[in-house]
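The values are calculated or read from the model by the stated rules, or taken from the named source; none is laboratory data. What you see is a predicted model; the values in this text were computed from it and never measured. Please note: Cβ atoms are built from the backbone with ideal geometry, for glycine as well, and neighbour counts cover all protein chains shown.
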Amino acid sequence: MQQAIRICKKEFKDYFISPIAYIVISIFLLVTGWFFFTTFFYYNQADLRNFFNLLPITFSFLIPAVTMRLFSEELNVGSYEMLLTLPVTFADILLGKFLAGVLFVAIALIPTLAYPICIAFMGQLDWGPVAGGYLGAVLLGAAFVAVGLFASSLTRNQIIAFIVGMTICFTLTLIDKMLFFFPRALLGVIGYLGADFHFKNISKGIIDSRDIIYFLSVVFIGLYSTYLAMRGKN
Amino acid sequence: MIHVENLTKYYNDFCAVDQISFDIKKGEIIGLLGPNGAGKTTTLRMLTGYFMPSSGTIRIKDYLLDEHLLEIKKLIGYLPESAPLYHSMLVFDYLDYVAGIRGMDKNQRISRIRQLVNLCGLDEIMHRSINELSKGLNQRVGLAHAMMTDPEILILDEPTSGLDPNQIVEIRNIIRKIGKEKTVILSTHILSEVEATCDRVVIINKGKIVADDIMENIKQSAGQKYFIHLDLLNADFQDVNEQFSRIEGVEKIQKIQEAQNGNLSIRLTCESPVDLRETIYQTIKQTSWVLIEFHQETKTLETVFRELTKED
């Protein structure tokens, strides 16, 4: 575990050494800020529902951009060989990189806390859904980071890793909106697979174990697939 | 120290390493030699636990590789081919990170990094970014990475590739120094490097071991053929040919060149268990030729290597 924390620290620092962190966070704040506040005053309602509604889509874009380099770059440069021959297990490496990604998402969310604070001055803000929304956002972020890690472990090309990661995240986000393509018998199962569906529940302030289990299982499946993909390489 | 038995590695259908076995004692410097694609890197990668063998066992000290991987990794310092380091980090940050993962506390780290800076000559580049370094400097940082905890076993994959001649000599001296107490395995296709640094040579070709012995024995093992070089004045090739072909053991007489001043260069290929130099000298003495040069070409590792690894 200590080794995982060391790796996490290093990966997290790396984001802020290179321009990635600043670019990703700026774009994230611009996009969410713009779409949220352009419609906010029409509704005349003191809540963050629009902000949270948009989050799965922006995350589908941005998180794969954050995670694409985690394994691809190491494989491309060859530094993975040096890392793996140090006294660490693969679980340490995987966990370290995953935690660094999740921490990064959490950091990116911090500036958006300005929105509920501002709104609280303007009207009666219900803090329950806001707290639920942020918890959901971190869970959603963790799930997408795991998916992005998996995409990154498939290839040494970062652009391919980004596109594959984005495709999977988008599919997870939009699948419950495309239910009419599927046979009736499968509707329940496929609806359950949608990340957006579970995220909406949490961001309403309803913390249901089914939704939490959903996100945790996406994390688990993502990390386990990464393990399988990397094990195949050596 | 290291015991390898029937080690085999397949990449899909391609057999990169084919049932090799060897033993390495503590304090030996082993040169792993072979042409490109012979399986050197694959062998080293299996020894360090980066690749899983398709079959066979590796035992290091009392640890079996597939059961105590973490313990084995702690014993080994490994420098992969061309030292792939993290590009965006500073040299100091990188070494500090490695020291941390190697489990050193803060004070230990600083003093150990100081030592390595002196040993590998890194003092001027500690605060430069790794992607700005030249190939040779990068290689030295890689060497510092491998030697971080003063490991008992040092595995170096082509440690001197890309270095200038001065740096090569420096790195060889470092390896020799370490090799007094530690076990060192280095792979290379530069033969003079093995001659300059190693006690024992393992030659690999197409995934198989073709020779494994101390340097002296390997040189002798490739048959009893040797060459004698002669420069004669006042001699005629026809005549020389006639005289030398009478000596038993002289296989072939070649004229290398005939200079204008009547200087005749010839090369004798000898195959004989006894030294023919005396007989040759006696033969020359009986004639009116003037001997200006007479030497035996010593058998280099190069010739042995070519004989052992040439295509059938």
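Screening the candidates B:Ile178, B:Ile218 for the property of being within 28 Å of B:Ser272 (Cα to Cα) and at pLDDT below 85 yields one hit, B:Ile218.
Yes/no per residue for (1) surrounded by 22 or more Cβ atoms within 10 Å (Cβ to Cβ); (2) of a type in the set (Gly, Ala, Ser); (3) closer than 29 Å to A:Phe40 by Cα; (4) under 18 Å from the mean Cα position of the chain (by Cα):
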{"site": "A:Cys118", "(1), (2), (3), (4)": "no, no, yes, no"}
{"site": "A:Phe121", "(1), (2), (3), (4)": "no, no, yes, no"}
{"site": "A:Gln124", "(1), (2), (3), (4)": "no, no, yes, no"}
{"site": "A:Pro129", "(1), (2), (3), (4)": "no, no, yes, no"}
{"site": "A:Gly132", "(1), (2), (3), (4)": "no, yes, yes, yes"}
{"site": "A:Ala137", "(1), (2), (3), (4)": "yes, yes, yes, yes"}
{"site": "A:Ala146", "(1), (2), (3), (4)": "yes, yes, no, yes"}
{"site": "A:Phe150", "(1), (2), (3), (4)": "yes, no, no, yes"}
{"site": "A:Ala161", "(1), (2), (3), (4)": "yes, yes, no, yes"}
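Just to be sure before I move on: is B:His189 surrounded by 13 or more Cβ atoms within 10 Å (Cβ to Cβ) and more than 26 Å from B:Thr42 (Cα to Cα) in the structure I sent? No. Taking the numbered list (1) surrounded by 15 or more Cβ atoms within 10 Å (Cβ to Cβ); (2) within 14 Å of chain A (Cβ to nearest Cβ); (3) of a type outside the set (Gly, Ala, Ser); (4) within 23 Å of A:Pro87 (Cβ to Cβ) in turn, B:Arg140 passes all entries but (2). Selection of the stretch A:76-91 for residues being surrounded by 20 or more Cβ atoms within 10 Å (Cβ to Cβ) and more than 9 Å from chain B (Cβ to nearest Cβ) yields an empty set. When residues in the stretch A:7-51 are screened for being crowded, with 16+ Cβ neighbours inside 10 Å, β-branched (Val, Ile, Thr) and more than 14 Å from chain B (Cβ to nearest Cβ), 3 of them pass.
Are any residues in the stretch B:28-47 in a loop (DSSP other than H, G, I, E, B), surrounded by 23 or more Cβ atoms within 10 Å (Cβ to Cβ) and in contact with an Asp or Glu (Cβ under 9 Å, 6 or more places away or on another chain), and if so, which ones?
The answer is B:Gly39, and nothing else.
Would you check which residues across the stretch A:64-95 are farther than 21 Å from A:Ile25 by Cα, under 19 Å from the mean Cα position of the chain (by Cα) and of a type in the set (Gly, Ala, Ser) and list them? Result: A:Ser72, single match.
How about the stretch B:49-67: which of its residues are away from every other protein chain (no Cβ under 11 Å) and part of a loop (DSSP other than H, G, I, E, B)? Lay out the reasoning, then the answer.
Step one: of the stretch B:49-67, the residues away from every other protein chain (no Cβ under 11 Å) are B:54-67.
Residues satisfying the conditions are B:Ser54, B:Lys61, B:Asp62, B:Leu65, B:Asp66, B:Glu67.
Are any of the residues in the stretch B:104-112 within 8 Å of chain A (Cβ to nearest Cβ), over 31 Å from the mean Cα position of the chain (by Cα) and among the hydrophobic types (A, V, I, L, M, F, W, C)? Among the residues of the stretch B:104-112, not one is within 8 Å of chain A (Cβ to nearest Cβ), over 31 Å from the mean Cα position of the chain (by Cα) and among the hydrophobic types (A, V, I, L, M, F, W, C), which makes the answer no. Note on the stretch B:72-100: among residues that are small (Gly, Ala, Ser) and more than 7 Å from chain A (Cβ to nearest Cβ), the one that is nearest to B:Thr160 (Cα to Cα) is B:Ser82. Pairing residues of the stretch B:105-117 that are surrounded by 10 or more Cβ atoms within 10 Å (Cβ to Cβ) with residues that are at pLDDT 90 or above and of a type in the set (D, E, K, R), at Cβ distances under 8 Å and at least 6 apart in sequence or on separate chains, gives B:Arg109/B:Asp96; B:Ile113/B:Asp96. Scanning the stretch A:165-180 for residues that are without any contact (Cβ under 8 Å) to a residue 12 or more places away in the chain and under 19 Å from A:Ser60 (Cβ atoms) returns A:Thr167, A:Thr171, A:Met178. Might you let me know whether the stretch A:120-137 holds any residue that is modelled with pLDDT of 90 or more and polar (S, T, N, Q)? Within the stretch A:120-137, not a single residue is modelled with pLDDT of 90 or more and polar (S, T, N, Q).
When we screen A:Ala91, A:Ala137, A:Ala131 for residues that are among the small types (Gly, Ala, Ser) and under 17 Å from A:Leu62 (Cα atoms), the only hit is A:Ala137.
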